[in-house]
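The values are calculated or read from the model by the stated rules, or taken from the named source; none is laboratory data. Keep in mind that what you see is a predicted model, and the values were worked out from it rather than measured. Here the Cβ is made from the backbone with ideal geometry for all residues, glycine too, and neighbour counts use every protein chain on show.
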Amino acid sequence: MIEQRNPEHIAIIMDGNGRWAKERGLKRTAGHEEGAKAVREITKHCAKLGIKYLTLYAFSTENWSRPKLEVEYLMKLLDKYLKSELSTYLENGIRFKSIGDISKFSKPLQKTILDVEEKTKNGKNLTQVLALNYGSQDEILRAIKKLNEKNLEITKENFELCLDTAGIPNVDMLIRTSGEIRLSNYLLWQNAYAELFFTNTYWPEFSANDLDDLISDFNQRERRFGGI
Ligand code: FPP
């Protein structure tokens, strides 16, 4: 029987900001700025739809290899976004949480991230998870170190408790924009049984309607989780 219900956890690889900008003769940073607007729209839409978790790949462990100015721009944009979104989070019952190793970020940016996590911690509707200096392999290695330090038995449950996503259900639906078809070190454990969606739309143009269409497709898929 086909299961007809919205996904509980949607994860998105927001790709194509640079190409969106280039096609318009703009700087790559303009693509990121527009991408931040799409983050806002899609987050609000997920809250409206009753989705419980939305995990967005905002900065990967590999993104440090970009030009210094672009990295600095992304850091500033993130800080600005989080500060300006606080009221939206609170008004919409959205909890904000980060995953990834934020210890590599500047102290002021770490403070902004921790402040917004603290102030929104009672949000009961959607949890917006931003993957920040996140790489799945790095997360898995850090989880193994934690298991070891805590002297915990190696079980699936204990391992999951040591992942950055502890307490968050696995991904139901993974979306990647911009036509690239790869996982790029994103939530490799958590995507074990995710349904995968690849769309050619660049992230800055990805709209609430596009998400609705993909969720309709999701609801047509038969998920068997290895059963028959
Ligand atoms: C991929 O596009 C996007 C990123 C590496 C960063 C994602 C950042 C945003 C969506 C904007 C800011 C986010 C927040 C949460 C404020 P790309 O630059 O790799 O595009 P390209 O492949 O076309 O070059």
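Note on the range 113-171: residues that are buried (at least 18 other Cβ atoms within 10 Å of the Cβ) and either under 13 Å from the mean Cα position of the chain (by Cα) or at pLDDT below 95 (or both) total 15. Scanning the range 1-35 for residues that are part of a loop (DSSP other than H, G, I, E, B), within 12 Å of the ligand (Cβ to nearest atom) and surrounded by 16 or more Cβ atoms within 10 Å (Cβ to Cβ) gives 14, 15, 16. Mind checking whether some residue in the range 36-46 is over 28 Å from residue 199 (Cα atoms) and either part of a loop (DSSP other than H, G, I, E, B) or under 17 Å from the mean Cα position of the chain (by Cα) (or both)? For the range 36-46, residues over 28 Å from residue 199 (Cα atoms) and either part of a loop (DSSP other than H, G, I, E, B) or under 17 Å from the mean Cα position of the chain (by Cα) (or both): absent. Entry remark, the range 172-183: residues being surrounded by 14 or more Cβ atoms within 10 Å (Cβ to Cβ) and among the small types (Gly, Ala, Ser) number 1 in total.
In the set (1) farther than 20 Å from residue 53 by Cα; (2) among the polar types (S, T, N, Q); (3) in contact with a His (Cβ under 9 Å, 6 or more places away or on another chain), residue 137 fails one condition alone, (3). Residues of the range 11-34 that are hydrophobic (A, V, I, L, M, F, W, C) and farther than 18 Å from residue 60 by Cβ: 20, 21, 26, 30.
Considering (1) more than 10 Å from the ligand (Cβ to nearest atom); (2) assigned to a loop (DSSP other than H, G, I, E, B); (3) modelled with pLDDT of 95 or more; (4) farther than 20 Å from residue 126 by Cα, the lone condition that residue 51 does not fulfil carries the number (4).
Test residue 38 against the stated conditions and say whether it is over 22 Å from residue 116 (Cα atoms), among the aliphatic types (A, V, I, L, M) and touching a helix residue (DSSP H, G or I) at 6+ places or on another chain (Cβ under 6 Å).
no
Please specify each residue of the range 66-96 satisfying the condition of being basic (Lys, Arg), within 10 Å of the ligand (Cβ to nearest atom) and in contact with a Ser or Thr (Cβ under 8 Å, 6 or more places away or on another chain). Residues satisfying the conditions do not exist here.
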